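Notes follow the structure.
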Amino acid sequence: MKTRSNDITVDIYAGFVRSLFNDAIILIVGALCHSIIALLVYRRTGETIYLVLAGVMFTAGSYRYLGIRNFQKNGSITDYPSAVHWENYYLIGGTIQGFFLGLFCFVAIYVAPDTFAEIASCSVAMGSTMTIVGRNYGSKKMVAILSVTVVAPIAIGLMLRGDLNHVVLGLYIIPFMLIITKMATHVRTVLFTAISEEKKANRLAQRFDRALNTMTHGLVMLSPHGRVVVANAEAVEALGVKNAEALIGRSLKALVMRGVAGGLIEAKDGRFIEAQLTRAMREGRDRKILVRLNNGRHFEFSASEGSEGLGVITFEDVSPRIEAEEKIRSMARFDSLTGLANRAYFHEIVAEAMASGDPERQCGLAVLDLDDFKTINDTLGHPIGDGLLFAVGERLAAIASDNVWVSRFGGDEFMIYVDRVESEQRFAGLIDGVFANLQGEVDVAGHALRIQISAGAVLSRIKHTDVDAMIVKADLALYKAKELGKNGWRLFESAMDAAFRNRQLMKADLRSAVEAKGLRVVYQPIVSMETMRIASCEALCRWDHPDLGPISPGVFIPLAEEMGIISDISAFMLGAATKECAKWPEHNSVSINLSAKDFRSAGIVDKVREALDASGLAPHRLEIELTETALLDDKSLTREIIEELKSLGVRIALDDFGTGYSSLSYLHKLPLDKVKIDRSFLIDVTQNKRSLELLKGVVNMSRPLGLAVTVEGVETFEQLKILALEVKPDLVQGFLFGSALTASGIETMSTTVWPFAKDIKSAKRAARR
């Protein structure tokens with residue numbers, strides 16, 4: 001808050017007013033001196049007026065003295081109004097005393113002039129003016145009043161004497177009033193500045209103290225001589241002393257040894273801390289030291305050189321941060337589900353182990369993979385799958401040791417590394433023991449699950465291999481184990497590597513063939529049971545390798561699915577088959593078998609539409625075959641795609657019917673046009689009455705649903721004869737009607753009746769008799 005008359009704050013203004021009421025005794029001494037001088041003048045001159053002035057001046061001085069004593073006993077300045085009140089109170093006494101002192105001088109100079117009286121009165125006045133500044137600087141008003149009441153009468157008296165010398169002398173004295181005022185103002189300014197700076201310094205000190213003692217870090221500042229000069233509250237608490245003063249003057253060594261004495265750190269750690277912190281302060285650069293205390297807490301110390309040679313040491317409890325870092329490090333290194341080392345950390349520790357020790361030693365690595373784990377996730381849910389993984393990880397962790405490390409490498413894959421293998425037999429025994437330990441069922445949330453694992457393993461001398469090479473070889477052995485029926489393990493052999501390389505080369509060649517449209521299409525006839533003519537045909541993909549010759553679809557189709565290019569082959573087949581079929585007679589159609597992966601993308605509908613538009617083929621002449629595998633992955637999406645294809649006018653057939661787990665349910669749930677009964681139904685149909693009845697049952701069940709029936713795998717005339725007489729499907733297909741033909745061959749044979757048509761008719765007539 002500001003005062004109304006100047007720019008100083010209330011508290012400083014109040015301080016100035018209080019200063020007016022100090023040293024009351026000086027006033028009574030001054031009044032006594034004034035009276036004595038007046039009495040001396042009276043003795044010399046005999047003028048009564050001086051006797052009166054002596055009494056009045058003493059009375060005025062006594063009045064001021066009593067007023068100040070009254071303030072000292074009863075006065076109080078708490079705010080601006082009270083400060084103004086007491087300043088005005090002081091002004092009254094000061095004005096009275098100044099007036100009579102000035103009057104004394106005026107009388108001596110002009111009213112009752114006397115040389116001694118003039119000298120005595122002016123001497124008293126001049127002496128008193130010196131005290132005006134020293135005593136009354138706290139009030140501008142008092143300084144101004146006293147300057148006028150004391151000095152002005154002297155100037156007036158001199159000028160009233162009338163002669164030039166006295167007039168000039170009187171005028172000369174007038175500026176003295178301004179000098180007194182300026183001197184008082186200067187004193188006030190100096191004091192005001194000093195007080196303001198002191199307050200700023202105090203506020204800064206308070207802020208520094210508050211900041212220092214609210215820091216979460218402990219802080220100690222050392223003098224150039226290595227003694228504590230500042231310590232905050234955190235440092236006091238950490239070092240277990242009562243207050244900061246207890247630390248002042250101690251050396252860094254004394255502080256460290258206090259921690260040693262308290263059992264927080266070992267003596268050697270104390271010496272290390274002292275040396276490092278001292279070195280940091282000496283070199284003038286920041287240095288951080290992490291210290292683990294005996295109670296498990298972690299403190300981080302930091303030392304640097306401050307200004308003016310002061311050493312600054314800070315420290316904080318970083319235990320939560322260290323715990324968090326350890327947790328993050330653990331999360332980065334270990335699998336959260338099983339607690340085993342993850343892929344990256346396993347690779348790191350195995351690589352480090354292989355880089356050290358005897359390079360001639362033999363090591364072993366095994367990759368384990370849960371068989372059919374995806375089925376568990378799909379049927380029982382991922383939480384159950386996670387429970388099974390946890391159970392497997394728990395059993396594998398039991399074999400871990402200083403020589404054996406176990407990892408969950410990702411997904412349902414685990415890995416075991418043995419750093420030193422004495423022999424192949426010992427290694428095989430270890431893997432057999434792992435399989436034996438994993439045998440049996442585990443209960444996961446009420447589900448009894450049997451653990452079934454396939455594994456691939458590799459043995460190698462350290463100097464001849466590295467981690468990545470061993471993993472690749474173990475993977476090849478794992479692939480072979482799964483190929484041979486799963487639930488077992490295989491040790492890597494060189495032939496596996498060759499097979500792997502050949503497989504990779506074949507993949508590259510297949511990709512090139514697909515991109516260059518180097519595949520071709522042949523067509524297997526589908527014959528009408530009634531006319532014994534080609535009613536349709538199934539488009540089949542063929543690949544003629546430039547070096548290896550014809551590659552079986554059973555080889556390159558799985559490769560294409562693995563590579564993710566099966567949809568490109570499907571698009572090629574759609575384009576080529578619809579283009580050729582458009583050239584055939586109207587009664588002929590073409591059937592194309594799409595992969596299960598094609599039905600995972602709605603884009604297949606656009607591919608079919610584009611093929612029909614490009615070829616001009618009527619949609620009802622195109623039949624799309626799908627297998628039960630496509631239905632297992634995503635039934636809702638598959639049904640949606642089938643319905644979109646049906647809306648184009650395309651017919652839908654269920655291929656390999658009868659080989660799945662739930663094919664019967666699809667007959668009424670899906671908008672199918674045809675079922676193709678798998679060749680497995682025909683294998684012993686001519687000898688086994690039950691197989692025949694089963695085949696007849698499937699056909700008889702499909703017809704009321706409006707489904708056409710094709711029987712695949714017809715290879716002998718006896719099978720065809722039984723089908724014609726007993727089963728009576730709509731269409732038949734198989735090698736009995738020859739191998740797959742080119743598009744021109746189908747066009748040529750489209751009106752041809754098969755030679756054994758007559759034999760079938762004869763058999764039918766004989767059966768009717």
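Stretched out fully, how many nm does the piece from R297 to S123 gain, at 0.36 nm a residue minus the Cα gap? Can you show the working numbers first?
Details: separation 174, 0.36 × 174 = 62.64 nm, distance 8.03 nm.
Taking R297 through S123 to full extension adds about 54.6 nm, to one decimal.
What is the Cα centroid distance between segment 666-684 and segment 696-754, reported in whole angstrom?
13
Once label points are set 7 Å from the Cα along Cα→Cβ at both A516 and D684, what is their separation, rounded to one decimal in nm?
Label at A516, label at D684, 4.8 nm between them.
Check V444: other-chain or 5+ apart residues with amide H under 5 Å from its amide H, H built from backbone geometry?
Residues meeting the criterion, in which the H sits 1.01 Å from N, are L449.
Among all the lysines, which ones have a C-alpha under 24 Å from K268's C-alpha, if same-chain residues fewer than 8 places away are not counted?
Within the straight-line cut-off, K268 pairs with K253, K288.
Using r as the Cβ-Cβ distance of T716 and S647, and R0 as 30 Å, what FRET efficiency do you calculate, to the nearest 0.05?
Values: r = 41 Å, r/R0 = 1.36.
The calculated FRET efficiency here is 0.15.
Round to the nearest 0.05 the FRET efficiency obtained for D402 and R461 when R0 = 22 Å and r is the Cβ-Cβ distance.
For D402 and R461, the calculated efficiency is 0.60.
Using 0.36 nm per residue, how much length does the chain from Q504 to K200 gain when fully extended, once their Cα-Cα distance is taken away? Don't jump to the answer; show the numbers that get you there.
Values: separation 304, 0.36 × 304 = 109.44 nm, distance 8.11 nm.
Gain on extension, Q504 to K200, equals 101.3 nm.
Report the charge-dipole magnitude of the chain in Debye, nearest 20, computed about the Cα centre from +1 at each Lys and Arg Cβ and -1 at each Asp and Glu Cβ. Before the final figure, lay out the partial values.
Working: 87 positive and 90 negative charges, 552 e Å.
Magnitude of the dipole: close to 2660 debye.
Which net charge results for the neighbourhood of K669, defined as the other residues with beta-carbon distances under 10 angstrom from its beta-carbon, given Lys and Arg at +1 and Asp and Glu at -1?
Values: positive: K635, R639; negative: none.
Taking every Cβ under 10 Å from that of K669, the sum is +2.
Taking amide H positions as placed 1.01 Å from N in the peptide plane, with prolines and chain starts having none, which residues 5 or more places from T627, or on another chain, fall under 5 Å of its amide H?
Correct list: D655.
On the Cα set of segment 619-658, report Rg and Dmax in Å, please.
10.3, 28
Using the structure shown, select from K482/K517; K482/K607; K507/K674; K583/K669; K676/K721; K689/K764 the pairs with a Cα to Cα distance greater than 23 angstrom. Intermediate values should be presented prior to the final figure.
On the way: K482/K517 33 Å; K482/K607 35 Å; K507/K674 34 Å; K583/K669 35 Å; K676/K721 18 Å; K689/K764 20 Å.
Beyond 23 Å between Cα atoms: K482/K517; K482/K607; K507/K674; K583/K669.
Work out the charge dipole of segment 331-410 with +1 on the Cβ of Lys and Arg and -1 on the Cβ of Asp and Glu about the Cα centre, then indicate which of A355, L396, T379 is farthest towards its positive end.
Of the listed residues, the answer is T379.
Divide by every residue of the chain the summed helix terms, -39500 (n - 2.57) for each DSSP H run of at least 4, and state the resulting mean residue ellipticity at 222 nm, rounded to the nearest 500 deg cm²/dmol.
Details: 28 runs with 422 residues, N = 769.
Calculated from helices alone, the mean residue ellipticity at 222 nm is -18000 deg cm²/dmol.
Any chance you could tell me what percent of the C-alpha pair distances in segment 429-580 go past 27 Å?
Values: 5723 of 11476 pairs.
Roughly 50 percent, rounded to a whole number.
Looking at L27, P224, A513, which one has the Cα that reaches farthest to the positive end of the dipole of the chain (charges on Cβ: Lys, Arg +1; Asp, Glu -1)?
L27
Per-residue HN-Hα couplings for segment 457-474, Karplus 6.51 cos²θ - 1.76 cosθ + 1.60 at θ = phi - 60°, whole Hz, x for Gly and Pro?
Result, rounded to whole Hz: 9, 9, 10, 7, 7, 3, 5, 9, 8, 8, 4, 4, 5, 5, 5, 4, 5, 5.
Using label points projected 7 Å from each Cα along Cα→Cβ, tell me how many nm separate S251 and D11, to one decimal.
4.3
To the nearest 0.05, how large is the calculated FRET efficiency for D163 and T189 if R₀ is 30 Å and r is the Cβ-Cβ distance? Walk me through the intermediate numbers first.
Values: r = 40 Å, r/R0 = 1.35.
The calculated FRET efficiency here is 0.15.
What distance in nm separates the simple spin-label points at D378 and R69, each placed 7 Å from Cα in the Cβ direction?
If labels sit at D378 and R69, their model points lie 11.3 nm apart.
So, counting K/R as plus one and D/E as minus one, what does the shell of residues with Cβ under 12 Å around A254 add up to?
Values: positive: R227, R250, K253, R258; negative: E274.
Summing Lys/Arg as +1 and Asp/Glu as -1 gives +3.
For segment 492-601, report the translational diffusion coefficient in µm²/s to the nearest whole number, using Stokes-Einstein at 37 °C, 0.692 mPa s, and a Kirkwood Rh over Cα pairs. Mind dumping the intermediate values first?
On the way: Rh = 15.6 Å.
Estimated via Stokes-Einstein, D reaches 210 µm²/s.
Would you mind checking which residues have amide H under 5 Å from S589's amide H? H placed 1.01 Å from N; only 5 or more apart, or other chain.
Close amide H contacts, sequence-distant or interchain: S536, C537.
Which length gain, in nm to one decimal place, applies between T531 and K761 when the Cα-Cα distance is subtracted from 0.36 nm times their residue separation? Please list the in-between numbers first.
On the way: separation 230, 0.36 × 230 = 82.80 nm, distance 1.02 nm.
Between T531 and K761, full extension yields an extra 81.8 nm.
Determine ³J(HN,Hα), in whole Hz, for all residues of segment 367-379 in sequence, where each value follows from phi through the Karplus function 6.51 cos²θ - 1.76 cosθ + 1.60 and θ = phi - 60°; x replaces Gly and Pro.
10, 10, 9, 5, 6, 6, 5, 4, 4, 5, 4, 6, 8
Taking the Cβ of R533 as the centre, find all other residues whose Cβ is under 15 Å away and add up their charges (Lys, Arg: +1; Asp, Glu: -1).
Details: positive: K758, K761; negative: E530, E586, D730, E747.
Around R533, the surrounding residues sum to -2.
Counting only C-alpha contacts under 8 Å and six or more residues apart, can you give the relative contact order of the chain as a whole percent? All intermediate terms of the calculation are to be shown ahead of the outcome.
On the way: 1150 pairs, mean separation 44.8, N = 769.
In percent, rounded to a whole number, it is 6.
Where both residues lie in the chain, what percent of DSSP beta bridges are antiparallel, nearest 5?
Details: 63 of 88 bridges.
That works out to approximately 70 percent antiparallel.
Just to confirm my numbers, what's the Cα centroid distance between segment 453-504 and segment 401-437 in Å?
14
If you work out Kirkwood radius over Cα pairs in Å from the coordinates, which of (1) 39.0; (2) 34.5; (3) 28.7 do you get?
(1)
Taken together, the values in this text are just the output of simple stated rules run on the coordinates, not laboratory data. Here the structure is a predicted model, which is why all the values come from computation and not from measurement. Here Cβ is always computed from backbone atoms with ideal geometry, including for glycine, and neighbour counts include all displayed protein chains.
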